[in-house]
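Participant: Okay, handing you the structure first.
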Amino acid sequence: MEYNIREAITTDMSQVLQLIKELALFEKEGNAVEVTVKNLVKDGFGDTKRFHCFVAEANDSLVGMALVYPRYSTWKGPVIHLEDLIVTEQMRGSGLGTALLTEVIKYSAELGVKRISWEVLDWNEPAIKFYQSKGANVMRDWDVVQLDEKGMKTYLQSL
């Protein structure tokens, strides 16, 4: 199947949200998605652009996406964080993941960043092998640390 990689536009955000929900189900977190189409439009295309998104289109529907945003490393300087690279189940193995990753790498190189970083679940061996085959260093000795909205509120109330 042929596909086209392009920068996302506001009208893509409802399909982008569907891809995000598909990934959440795959990662066994189907009820965790709180973001809305309105949030995606505001945060990706509003006055303060919080992310950049690439989409893959085939037969007038989105079959993949990659969402990135800027970060800063105290050791390296400017970096890009790849929040999600999603390929629909029917398109896996088609080269689409490589095409999306290539767009992210080209975009990051144009920005002159020092690194692209992202997380992958430790049980998602196909994704780990995919990223390693592209030259990524999967750092298994690091743990992801998060403080969610409830945790922040609890912490601040304890002060």
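Nothing in this text is a laboratory measurement; each read-out follows from the coordinates by a stated rule. Given the structure is predicted, the values throughout are model-derived calculations rather than measurements. A quick note on method: Cβ atoms are made from the backbone with ideal geometry, for glycine too, and the neighbour counts reach across all protein chains shown.
Participant: I need 40, 156 ordered by Cβ neighbour count within 10 Å, fewest first.
Facilitator: Numbers: 40 22, 156 8.
Neighbour counts put them in this order, fewest first: 156, 40.
Participant: Further question: Return a whole-number percent for the relative contact order of the stretch 4-118, with Cα pairs under 8 Å and 6 or more residues apart as the contact set.
Facilitator: With pairs under 8 Å counted, the relative contact order is 24 percent.
Participant: Working out 0.36 nm times the residue gap between residue 38 and residue 117, then minus their Cα-Cα distance, what length gain in nm do you get to one decimal?
Facilitator: On the way: separation 79, 0.36 × 79 = 28.44 nm, distance 2.66 nm.
Between residue 38 and residue 117, full extension yields an extra 25.8 nm.
Participant: Could you pull out the pairs from 42/114; 28/114; 21/42; 21/49 whose alpha carbons sit more than 25 Å apart here? Could you put the intermediate results ahead of the total?
Facilitator: Details: 42/114 28 Å; 28/114 32 Å; 21/42 19 Å; 21/49 22 Å.
Correct reply: 42/114; 28/114.
Participant: Starting from the Cα of residue 136, step 7 Å along the direction of its Cβ; do the same at residue 4; then give the gap between the two resulting points in nm.
Facilitator: The answer from the label model is 2.7 nm.
Participant: Within a 10 angstrom radius of the beta carbon, how do 148, 12 rank from fewest other beta carbons to most? Mind showing how you got there, number by number?
Facilitator: Working: 148 8, 12 21.
Ascending number of Cβ neighbours within 10 Å: 148, 12.
Participant: Then there is this: Kirkwood hydrodynamic radius, the stretch 4-118, all distinct C-alpha pairs: what's the number in Å?
Facilitator: Working: mean 1/r = 0.0683 Å⁻¹.
Taking every pair of different Cα atoms in the stretch 4-118, averaging 1/r and inverting gives 14.6 Å.
Participant: Could I ask something else about it? Among 155, 131, rank each residue by its count of other Cβ atoms within 10 Å, from fewest to most, as a rough exposure measure.
Facilitator: Details: 155 10, 131 19.
Least crowded to most crowded, the residues run 155, 131.
Participant: Run through the stretch 114-158 and list the trypsin sites (Lys or Arg not before Pro) located in a DSSP loop whose Cβ has at most 16 other Cβ atoms within 10 Å. Provide the component values of the computation, followed by the final result.
Facilitator: Working: sites: 114, 115, 129, 134, 140, 150, 153; in loops: 114, 115, 134, 140.
Qualifying residues, ordered by number: 114, 115, 134, 140.
Participant: For residue 89 and residue 147, what does the FRET efficiency come to when R0 = 41 Å and r is the distance between their Cβ atoms, rounded to the nearest 0.05? Before the final figure, lay out each step's value.
Facilitator: Details: r = 32 Å, r/R0 = 0.78.
For R0 = 41 Å, the calculated efficiency reads 0.80.
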